[in-house]
Each structure stands twice: as C-alpha cells, then as structure tokens.
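Asker: Take a look at this one; I'll ask things after.
Computed from the coordinates by the stated procedures, all read-outs in this text should not be read as laboratory data. Worth saying up front: this structure is predicted, and the values here are computed from it rather than measured. Cβ: placed from backbone, ideal geometry, glycine included. Neighbour counts: every protein chain shown.
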Amino acid sequence: MIDLRHLTKCLESRGEKPVVDDISMTVEEGELYVLLRPSGCGKTTTLKMINRLVQPTSGQILIGGVDMAGFDIVELRRRIGYAIQQVGLFPNMTVVDNIALVPQMLGWDKARIHERTEKLLAMVSLDPAIFMPCYPRDLSGGQQQRVGVARALAADPPVMPMDEPFGAIDPINCTSLQDKFRHKEP
C-alpha cells in the first residue's frame, strides 16, 4: 500500500546534508510499521513526506501504486489520516467539529458524521456526551492527543502515518488505545 523508493530529503539549514537518506521500504495493506530510531534521524520528516507536508529532494512515494508526486495535494491529504506529535487541533473548533472536518469536506451526511464521531470518541475513551461540545482548551494534553487520533481516523483512511500518536496519553489509556487501533476498532 505504501512504497517508498530511494526517498531522500536534504535541508539547506544542514548544509544540504540529508535528513532522510535513501530510504526504501514497503508497508503492505493492513500492516503496522514502526520507524524506531534516535531523535533527529528523520522519522518525522519521512512521515511528513508521505502526505507531502514536506517535499522530498529525490525519490518516489507510491500509495496504492499511485505516485504521490502527481497527485492533487489537497485530495491526497483528505485521503490520508495523519496523527502528529503536537496534536494540531483547531482551538476555535469544538471536539466534534475537529473530528468532523475531513468527513464534511468529503461530503458525508450529518448523520454519518455524528455516528462516526460518537464511535471514535468512545474508542479513545472519551464520553461523547461530555466531550463533543468541548474546545481543545478544555482538555488535558492526553485528551487532546486522543481527539487528534480520532480526527485522523474520522474518514476511515486507507493509510495513516502516525507520529508518536500516543506520547501524551497515560499508560492505561495508551495500552487500551493501542489494542483497539491494532484490532481496527471501530
């Protein structure tokens, strides 16, 4: 499903030295793949290149056999779920609005969005009745992180890069969320 071919990213700030140097890997459909390396080695940059938040210096990214270099960037980002380290919730939007954003852009009907939002909040152990009307400022860091994961899953994307998505979550909820994610709930 995801095929990285000789992916490289060089940055001017590092004297054009590669941050990501000739990465090639394939992640098959349904497979979980973990990039585990020391801080500063290019893991986040690699994930950002997959959805083109960062443009590669060279190499190819194929998703479902399609080269992402020629794919409309807006459409690409609507098709790929992405959970980032810093959560990235919109502070002026409620939890339900943050989660519903991409499904709304994709033209889902309100009933389907509402049902999906409730299921996802329950999956991340946040009571929908309590948390749907909240704003990010009303949530703890771990709760915000869980909403970020729910938002990334909202449109049921076929591909979902995740950059330390469970880092701010307490160990009990983290283990539960990882188990649910691994078993494709909901």
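Asker: So if I take the centroid of the Cα atoms in region 115-163 and the same for region 98-112, what is the distance between those two points in Å?
Answerer: 14
Asker: Could you check which residue among Ile23, Ile84, Ile99 shows the biggest mean-square fluctuation in a GNM of the chain with a 10 Å Cα cutoff?
Answerer: Residue with maximal mean-square fluctuation among Ile23, Ile84, Ile99: Ile23.
Asker: To the nearest 0.05, how large is the calculated FRET efficiency for Asp67 and Ser13 if R₀ is 22 Å and r is the Cβ-Cβ distance? Don't jump to the answer; show the numbers that get you there.
Answerer: Values: r = 28 Å, r/R0 = 1.25.
Step by step, r from the Cβ atoms, then E = 0.20.
Asker: What residues qualify as long-range amide H neighbours of Val54, i.e. H under 5 Å apart, gap of 5 or more or another chain, H built at 1.01 Å from N?
Answerer: Met49
Asker: Straight-line reach from Lys119: which lysines have a Cα under 24 Å away, not including same-chain ones fewer than 8 places off?
Answerer: Partners found: Lys110, Lys180, Lys184.
Asker: Moving on. In the neighborhood of Leu53, defined by Cβ-to-Cβ distances under 12 Å, what is the net charge if each Lys or Arg adds +1 and each Asp or Glu adds -1? Write down the numbers at each step before the final one.
Answerer: Details: positive: Lys9, Lys48, Arg52, Arg77; negative: Asp163.
Within the 12 Å Cβ shell, the charges total +3.
Asker: Under a crude label model (7 Å from the Cα following the beta-carbon direction), how far is Leu36 from Asp170 in nanometres?
Answerer: With each label placed 7 Å out from Cα toward Cβ, I get 2.6 nm.
Asker: Helix 141-153 versus the longest principal axis of the chain: what angle, 0 to 90°, nearest 10, using Cα atoms?
Answerer: 70
Asker: Further question: Lysines near Lys17 by alpha-carbon distance under 30 Å, same-chain residues fewer than 8 away left out - which ones?
Answerer: Lys9, Lys43, Lys48
Asker: Calculated from DSSP H runs of 4 or more alone, at -39500 (n - 2.57) each and per residue, what is the 222 nm mean residue ellipticity of the chain, nearest 500? Show your work: numbers first, answer last.
Answerer: Details: 7 runs with 69 residues, N = 186.
After summing the helix terms and dividing by residue count, I get -11000 deg cm²/dmol.
Asker: Between Ser140 and Arg52, what is the spin-label point distance in nm, taking each point 7 Å from the Cα along the Cα→C-beta axis?
Answerer: 3.9
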